[in-house]
1. Can you find a residue that is at pLDDT below 80, in a helix (DSSP H, G or I) and either charged (D, E, K, R) or open to solvent by 100 Å² or more (accessible area, probe 1.4 Å) (or both) anywhere in the stretch 29-50?
2. Filter the stretch 5-23 down to the residues that are open to solvent by 90 Å² or more (accessible area, probe 1.4 Å) and of a type in the set (Gly, Ala, Ser) and list them by number.
3. Keeping to the stretch 9-28, report how many residues are of a type in the set (A, V, I, L, M) and at pLDDT below 80.
Amino acid sequence: MTNLGRISRTEVANQSVDLLPAREALALVNITNITAINLAIAVNAATIGSTASAAALQHVAAFQL
């Protein structure tokens, strides 16, 4: 019988951990600019019995320096 997928206590005890530096120390500049644009125009002027509709897709972009 094999121990596939099992870890012994000795293997766990031999593991080590390294702490990461503080988030502020990882980058000198951390600027994120997020822009969302959603624009739609529908015009129904001086017409009888007609309809106007508009649909707009939204694009969101995020850039991090």
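1. No.
2. Residue satisfying the conditions is Ser16 alone.
3. Filtering the stretch 9-28 down to residues of a type in the set (A, V, I, L, M) leaves 12-13, 17, 19-20, 22, 25-28.
If we keep only those that are at pLDDT below 80 too, we end up with 20, 22, 25-28.
Number satisfying all stated conditions: 6.
The values are calculated or read from the model by the stated rules, or taken from the named source; none is laboratory data. All values derive from a computational prediction rather than experimental measurement. In case anyone asks, the SASA skips ligands and DNA or RNA and just uses the protein heavy atoms, side chains included. Shrake-Rupley method; radii C 1.70, N 1.55, O 1.52, S 1.80 Å.
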